[in-house]
1. In the neighborhood of Arg140, defined by Cβ-to-Cβ distances under 14 Å, what is the net charge if each Lys or Arg adds +1 and each Asp or Glu adds -1?
2. About the Cα centre of the chain, how large is the charge dipole given +1 on each Lys and Arg Cβ and -1 on each Asp and Glu Cβ? Please answer in debye to the nearest 20.
3. Output the direction-averaged projected area (hull surface divided by four) of the convex hull of the alpha-carbon atoms of the stretch 33-84, in nm².
4. Check cross-link reach from Lys73 to the lysines: straight Cα distance under 29 Å, and skip same-chain residues fewer than eight apart.
5. Would you mind counting up the charge near Ala34? Only other residues with Cβ under 13 Å from its Cβ, with Lys and Arg at +1 and Asp and Glu at -1.
6. Please identify, among Ser49, Ser74, Ser201, the residue showing maximal mean-square fluctuation in a Gaussian network model of the chain using a 10 angstrom Cα cutoff.
7. Over all pairs of distinct alpha carbons, what does the Kirkwood formula give as the hydrodynamic radius of the stretch 22-145, in Å?
8. Report the local net charge at His209: Lys and Arg +1, Asp and Glu -1, summed over other residues whose C-beta lies under 15 Å from its C-beta.
Amino acid sequence: MPRTPVRVFPSPDASSDDHLAAELRGFGSLGILAILVILSGNFLLPPLSAVLVLLWASRSRTPWREIGFVRPKSWIRTVAIGLAFGVAFKLLMKTVVMPLLGAPPINQAYHYLAGNRAALPGAVFTMIVIAGFGEETVFRGYMFERLGKLFGSGVWAKTLIVLLTAGLFGVAHYREQGLAGAEQGAIMGLVYGTIFALTGSIWMPMVVHAAFDLAALAIIYWNVESNAAHFIFK
């Protein structure tokens, strides 16, 4: 006897999950609310935003590769190049770029770290986890995915996204570090955003960012900020 085909209907829970995922990926009220919550979390409690991005990606069923979590061809090469570039980038910013912009030689927001051994572990954690991992997850991984859905993936679209995220990154540094911090943040955002746009991987910007901040921490801790800022421009 021929078998009667069995029709399988999706469960109400599965349909509900699919609808919620689509809403979170879209730009309706729920999608926009998610963006606002994630970005506001970065201004209130930076580590929270990165956690929210990971939760959003999981709940919205967004592939991890779309927010840059792509395995590099070589971890050793990525880390080595990222560390070298990040340190060199910081030295260039401190000795040439920021003095040309008229920035104060001392970063008063973090000067308390000079010679402060007790604060060093927390500062290192902040530079690596909160800044390197957290900020790159939000400003490069998440924001590039969201803006990419709006503007597309062409060259001009990516250029616009780099500029927009760099500006937002600069604004995020204004409250704590003032105009000089916002200027430096915007330039950092241009560099990190360009790397991410070219590679599609979040790991290199993360390593570069962490290395940049750790180099900055070393300069501050050993109290050679002023010497570095006047190394070329006396």
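Every read-out reported here was derived from the displayed coordinates using simple, explicitly stated rules and does not represent laboratory data. Being a predicted model, the structure only gives us computed values, none of them experimental. Please note: Cβ atoms are built from the backbone with ideal geometry, for glycine as well, and neighbour counts cover all protein chains shown.
1. Working: positive: Arg65, Arg146, Lys158; negative: Glu66, Glu135, Glu136, Glu145.
Here the charged neighbours net out to -1.
2. Values: 18 positive and 12 negative charges, 116 e Å.
Roughly 560 debye, rounded to the nearest 20.
3. Reported value for the Cα convex hull: 4.7 nm².
4. Lys90, Lys149, Lys158
5. Values: positive: Arg25, Arg59, Arg146, Lys149; negative: Glu23, Glu145.
Value of the local net charge: +2.
6. Checking each option, the largest mean-square fluctuation is seen for Ser74.
7. Working: mean 1/r = 0.0588 Å⁻¹.
Answer for the stretch 22-145: a Kirkwood hydrodynamic radius of 17.0 Å.
8. Numbers: positive: Lys90, Arg140; negative: Glu135, Glu136, Asp213.
Summing Lys and Arg as +1 and Asp and Glu as -1 gives -1.
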